[in-house]
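K.L.:
Below is one structure. I have some questions about it.
The values are calculated or read from the model by the stated rules, or taken from the named source; none is laboratory data. Computed from a prediction, not measured in an experiment: that's the story for all the values here. For neighbour counting, all protein chains shown are included, and Cβ atoms are generated from backbone atoms with ideal geometry for every residue, glycine included. Side chains are part of the model used for accessible areas, which takes the heavy atoms of the whole protein and leaves out ligands, DNA and RNA. Shrake-Rupley method; radii C 1.70, N 1.55, O 1.52, S 1.80 Å.
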Amino acid sequence: MKRTLRRVALALLAALVLLVAVLLARTLMFTSVQVDVPPSTLAVDGRQIAERLGAAARFRTLSIGAAGSEGAAPFAAMQDWLVETYPRFHQTLKREAFGAGNLLFTWAGSDPALKPVLFIAHQDVVPIEAGTEGDWTHPPFSGRIAPCGDEPGDCVWGRGTIDMKAAMIGLFEGAERLLAQGYAPKRTLMFAFAVDEEVGGAGAKAMAALLEERGVRFEFTVDEGLLITDGMMPGVDVPVALIGLSEKGYTTLELIAHSDGGHSSMPPAITAVGRLARAIDRLQSDPFPRAIDGAVAEMFDRIGPEMGFGQRLAFANRWLLGSIIVDQLAGGTSTNALLHTTQAPTMLQGSMQENVLPQKARAVINYRIHPRDSVESVLARVTRVVADDQVTVRKLDGAVHMDPAKVSSADAEGHRLVEAAIRASFPEAAVASGLFIAATDTRYFGRLADNSYRFHPVRMTAKDGARIHGTDERMRVADLPGLVRFYHHVLEGAGR
Ligand SMILES: [Zn+2]
């Protein structure tokens, strides 16, 4: 008996030692996958780019169709300025204009057999929320170059400097320099600049439909999306550039509970409002399953090796510690959003009067769909979880219903190119993949492409988050040379 016990104890000990050995070995083998690329030596005068970005920010290109829009005129004026500022670009590329100023440029390559690459940026900006104009350190359409204030150096101040005139200017700068160097692409390069990305993207939709009609199919596309996060990844000391491989889908569902109306002095056991509340409670207590897969798994596989030992051990051993990691990430709203389809009940309606029983109660729930789900699968699951035939679940009329984007390859040539361009232009940054939880114009062009990458070469700290679409949007002058180098590198490689 004693001997058996000792044997069991020994076996357990051996198993434990083996487990620790496996955990450690996996941690040690979990080494950096960052590619070595020589830093770009392209000479860029940050001050000059800042002046151009400032000039672009002075055009009040509020999205066509949005409240406060000044129509097509500011877009036309900005486009005239672009023609003046980037003459080679406009002399060489074919320019097509659609609607209120959507632009499509084609830089014809010498080998028509190669599928083109598409670069996407939007010309429009979101409005300044009424009453907040005075909160800006510098007026929102001043495009002023002035000290950043809370950190060293100068910034270009103004609406659209980050989202996303910086990228638009970067694309023009990169291409203009290549043209000046006598560069002629082998592969056709195209550029799409819409005027209403911020209000649904009708321009991108129309351009994508036209390209589809022409039978155009892209090798890959590059659009805004994830950024270079600085100090936002716990456990990582260096900035992390995230290439978005997919973006979440979107749907809004309407729940309508029914019951008999009447006087509230003789209520039934459960009213329509009670039924609706029960349905919402069932949904909130049974969230969509969380997991690390696809673009998010890719993110941790690439960024894990850059972390401290404890986190490296955890991410190297997701096979064992996956559920602990998921629980940790579920604790923060931004990390939780990466793990599953989120649901946000946003609107409620019951009876119109305090003493009248509602015949109908209505709730609206907004869903951001993880790439493993779809609009239809969300609708089906919600119906199942509500489990009440007196509650109708349906897609809200007039809302956007869009499946998530397919997950692009992190091993394809296009990804390697974007990755190399980041490493050359921002040598201090590590590169990883990611899932974009909002939407871009890529949602329309993505269907025409083998792969779509969502990356905006702009450094972003936690404090900068509120500036996008908010007050005091600004771009650091010191970050502009890297942005131009990025587009120069990626355009040159894409056209090769
Ligand atoms: Zn944008």
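K.L.:
Any residue in region 198-225 that is assigned to a loop (DSSP other than H, G, I, E, B) sitting within a Cβ distance under 9 Å of a residue that is among the acidic types (Asp, Glu) and open to solvent by 10 Å² or more (accessible area, probe 1.4 Å)? List the pairs, counting only those 6 or more apart or interchain.
P.N.:
Arg217/Asp450
K.L.:
What number goes with the only condition from (1) surrounded by 24 or more Cβ atoms within 10 Å (Cβ to Cβ); (2) more than 24 Å from Trp81 (Cα to Cα) that Gly200 does not pass?
P.N.:
The one condition Gly200 does not meet is (1).
K.L.:
Still on this structure, please answer the following. Just to check your reading of the model, which residue among Val431, Val458 is more than 16 Å from the ligand (Cβ to nearest atom), within 16 Å of the chain's Cα centre (by Cα) and buried (at least 22 other Cβ atoms within 10 Å of the Cβ)?
P.N.:
Numbers: Val458 fails: more than 16 Å from the ligand (Cβ to nearest atom).
Sole residue among the options that is more than 16 Å from the ligand (Cβ to nearest atom), within 16 Å of the chain's Cα centre (by Cα) and buried (at least 22 other Cβ atoms within 10 Å of the Cβ): Val431.
K.L.:
Conditions: (1) modelled with pLDDT of 95 or more; (2) surrounded by fewer than 16 Cβ atoms within 10 Å (Cβ to Cβ); (3) within 18 Å of the chain's Cα centre (by Cα). Ser334 meets all but one. Number of the miss?
P.N.:
(1)
K.L.:
Using the structure shown, decide if Glu96 is within 28 Å of Thr221 (Cβ to Cβ) and among the charged types (D, E, K, R).
P.N.:
Numbers: within 28 Å of Thr221 (Cβ to Cβ): yes; among the charged types (D, E, K, R): yes.
The answer is yes for Glu96.
K.L.:
Exactly one condition in (1) of a type outside the set (Gly, Ala, Ser); (2) open to solvent by 20 Å² or more (accessible area, probe 1.4 Å); (3) touching a residue at least 40 places away in the same chain (Cβ under 8 Å) is false for Pro147; which is it?
P.N.:
(3)
K.L.:
If you go through region 438-455 one residue at a time, do you hit one that is within 14 Å of the ligand (Cβ to nearest atom) and surrounded by fewer than 16 Cβ atoms within 10 Å (Cβ to Cβ)?
P.N.:
Within region 438-455, one or more residues are within 14 Å of the ligand (Cβ to nearest atom) and surrounded by fewer than 16 Cβ atoms within 10 Å (Cβ to Cβ).
K.L.:
Please indicate, with yes or no, whether at least one residue in region 387-399 is within 16 Å of the ligand (Cβ to nearest atom), charged (D, E, K, R) and not in a loop (DSSP other than H, G, I, E, B). Spell out the reasoning first.
P.N.:
So in region 387-399, the residues within 16 Å of the ligand (Cβ to nearest atom) come out as none.
No; the residues of region 387-399 include none that is within 16 Å of the ligand (Cβ to nearest atom), charged (D, E, K, R) and not in a loop (DSSP other than H, G, I, E, B).
K.L.:
Follow-up question, since we're still on this one. For region 288-337, how many residues meet the condition of being within 26 Å of Val385 (Cα to Cα) and of a type in the set (Phe, Trp, Tyr)?
P.N.:
Looking only at that region, the number is 1.
K.L.:
While we're here: What helices (runs of 4 or more DSSP H) lie completely within region 247-316 and have 2 or more residues being farther than 30 Å from Arg26 by Cα? Working first, answer last.
P.N.:
Values: elements: 272-284, 294-303, 309-316.
Those helices (runs of 4 or more DSSP H) span 272-284.
K.L.:
Also: Select, from Gly274, Gly261, Gly249, Gly310, the only residue that is under 24 Å from Gln328 (Cβ atoms) and of a type outside the set (S, T, N, Q). Reasoning before the result, please.
P.N.:
Numbers: Gly274 fails: under 24 Å from Gln328 (Cβ atoms); Gly261 fails: under 24 Å from Gln328 (Cβ atoms); Gly249 fails: under 24 Å from Gln328 (Cβ atoms).
Within the list Gly274, Gly261, Gly249, Gly310, the selection yields Gly310.
K.L.:
Is it the case that some residue within region 80-88 is aromatic (Phe, Trp, Tyr) and closer than 30 Å to Gln181 by Cβ?
P.N.:
Step one: of region 80-88, the residues aromatic (Phe, Trp, Tyr) are 81, 86.
Then keep just the ones that are closer than 30 Å to Gln181 by Cβ; that gives 81, 86.
Yes, some residue in region 80-88 is aromatic (Phe, Trp, Tyr) and closer than 30 Å to Gln181 by Cβ.
K.L.:
Looking at region 282-301, can you tell me whether even one residue there is over 21 Å from the mean Cα position of the chain (by Cα), surrounded by 18 or more Cβ atoms within 10 Å (Cβ to Cβ) and among the aliphatic types (A, V, I, L, M)?
P.N.:
Yes.
K.L.:
Something else about it: Would it be correct to say that Arg381 is of a type in the set (Lys, Arg) and either part of a loop (DSSP other than H, G, I, E, B) or under 30 Å from Glu492 (Cα atoms) (or both)? Step through it out loud before you land on a result.
P.N.:
Numbers: of a type in the set (Lys, Arg): yes; either part of a loop (DSSP other than H, G, I, E, B) or under 30 Å from Glu492 (Cα atoms) (or both): no.
No: the conditions fail for Arg381.
K.L.:
Something else now. Cβ contacts < 9 Å: first residue assigned to a loop (DSSP other than H, G, I, E, B), restricted to region 30-45; second residue surrounded by 15 or more Cβ atoms within 10 Å (Cβ to Cβ) and among the hydroxyl-bearing types (Ser, Thr, Tyr), any location; separation 6+ or different chain. Result?
P.N.:
Going by the 9 Å Cβ cut-off, the qualifying pairs are Pro39/Ser425; Ser40/Ser425; Leu42/Ser425.
K.L.:
Which of the residues that make up region 465-484 are within 14 Å of the ligand (Cβ to nearest atom) and acidic (Asp, Glu)?
P.N.:
Selection gives Glu473 alone.
K.L.:
Quick check on this structure: which one of Thr61, Thr27 is open to solvent by less than 70 Å² (accessible area, probe 1.4 Å), touching a residue at least 40 places away in the same chain (Cβ under 8 Å), over 29 Å from Glu419 (Cβ atoms) and among the hydroxyl-bearing types (Ser, Thr, Tyr)?
P.N.:
Working: Thr27 fails: over 29 Å from Glu419 (Cβ atoms).
One residue alone meets the criteria, Thr61.
K.L.:
Further, regarding this structure: When you look at Ala192, is it modelled with pLDDT of 95 or more, within 14 Å of the ligand (Cβ to nearest atom) and closer than 24 Å to Ser69 by Cβ, yes or no?
P.N.:
Working: modelled with pLDDT of 95 or more: yes; within 14 Å of the ligand (Cβ to nearest atom): yes; closer than 24 Å to Ser69 by Cβ: yes.
It is true that Ala192 is modelled with pLDDT of 95 or more, within 14 Å of the ligand (Cβ to nearest atom) and closer than 24 Å to Ser69 by Cβ.
K.L.:
Same structure, new question: Exactly one of these conditions fails for Ala412: (1) under 18 Å from the mean Cα position of the chain (by Cα); (2) under 27 Å from Ile369 (Cα atoms). Give me its number.
P.N.:
(1)
K.L.:
Of the residues that sit in region 208-247 and are away from the ligand (no atom under 16 Å from the Cβ) and within 20 Å of Gln123 (Cβ to Cβ), which one is surrounded by the most Cβ atoms within 10 Å (Cβ to Cβ)?
P.N.:
So, considering only residues that are away from the ligand (no atom under 16 Å from the Cβ) and within 20 Å of Gln123 (Cβ to Cβ), the one surrounded by the most Cβ atoms within 10 Å (Cβ to Cβ) is Ala208.
K.L.:
Could you please find all residues in region 361-400 being within 23 Å of the chain's Cα centre (by Cα) and of a type in the set (S, T, N, Q)?
P.N.:
The first filter runs over region 361-400 and keeps only residues within 23 Å of the chain's Cα centre (by Cα), leaving 365-378, 399-400.
Asn366, Ser374, Ser377, listed by residue number.
K.L.:
Follow-up. Could you list, in sequence order, the residues of region 461-486 that are open to solvent by 10 Å² or more (accessible area, probe 1.4 Å) and either under 16 Å from Glu428 (Cα atoms) or of a type in the set (Ser, Thr, Tyr) (or both)?
P.N.:
Once the filter is applied, which keeps residues that are open to solvent by 10 Å² or more (accessible area, probe 1.4 Å) and either under 16 Å from Glu428 (Cα atoms) or of a type in the set (Ser, Thr, Tyr) (or both), region 461-486 yields Thr461, Thr471, Ala478, Asp479, Pro481, Arg485.
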